[in-house]
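Participant: This structure is in structure tokens; I'll ask about it shortly.
The values are calculated or read from the model by the stated rules, or taken from the named source; none is laboratory data. For clarity, every value in this text was computed on a predicted model and none was experimentally measured. Cβ atoms come from the backbone with ideal geometry, glycine included; neighbour counts cover every protein chain shown. Only protein heavy atoms, including side chains, enter the accessible area calculation; ligands, DNA and RNA are left aside. Shrake-Rupley method; radii C 1.70, N 1.55, O 1.52, S 1.80 Å.
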Amino acid sequence: IAMTGMGLSFTMFALGAANVPILIGLWICQRSLMSVGGPFYGFGWEPQLAELTFHAMFMAPFLSLSQIPSKTPVPAVTLWAMRWFLFRIMMGAGLIKLRSGDPKWKFSGPQKLSTMDYFYETQPVPNPLTRYFH
């Protein structure tokens, strides 16, 4: 399974493009490893990566291995699915921090959300508005 995934990944990397069968193969390899991975795949990033791979299947050409022209529009359903995914990630990350009990994440007290001074600068998913939140 791992060698198949590596072969498909290398093919996609070498060609600079992917199609639906390659992405389905990668998704099946990933889900197979996740199902037998036990505690090594018990974290939140693996299902999120699998979900993004699933959404990417709707953005890739079905059989062609040519690169998608830059003027090709992204399907609206896929775009909204990606936005919903990012909203869930950011909202979940914020809510879990507020529930942590750390005084730097509290709404009251001397440190009153002092972690927010650097939170948006150090996010792994920056956005165009990041510079305005500091």
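Participant: With an 8 Å Cα cut-off and a minimum separation of 6 or more residues, compute the relative contact order for segment 1-107 in percent. Let's see the in-between values first.
Facilitator: Working: 69 pairs, mean separation 30.0, N = 107.
Relative contact order, segment 1-107: 28 percent.
Participant: How large is the helix-only mean residue ellipticity at 222 nm for the chain, computed as the sum of -39500 (n - 2.57) over DSSP H runs with n ≥ 4, divided by its residue count, in deg cm²/dmol to the nearest 500? Intermediate results must be reported in sequence, preceding the final value.
Facilitator: Numbers: 5 runs with 70 residues, N = 134.
Rounded to the nearest 500, the figure is -17000 deg cm²/dmol.
Participant: Quick one: if you take sqrt(5λ) for each eigenvalue of the C-alpha gyration tensor of segment 43-104, what semi-axes come out, biggest first, whole angstrom?
Facilitator: Semi-axes from the Cα gyration tensor: 33, 13, 8 Å.
Participant: How big is the chain along each principal axis, measuring the range of its Cα positions in Å and listing the largest first?
Facilitator: Extents along the principal axes: 58, 41, 25 Å.
Participant: Still on this structure, please answer the following. Please report the carbon-and-sulfur percent of the accessible area for the chain; probe 1.4 Å, protein heavy atoms only, DNA, RNA and ligands left out.
Facilitator: The value for the chain is 70 percent carbon and sulfur by accessible area.
Participant: Just how far, in whole angstrom, is segment 83-113 from segment 21-81 if you go by their alpha carbon centroids?
Facilitator: The two parts, judged by their Cα centres, are 28 Å apart.
Participant: Sorting check: for 16-24, 31-39, which peptide has the highest mean count of neighbouring beta carbons within 10 Å, and how do the rest follow?
Facilitator: 16-24, 31-39
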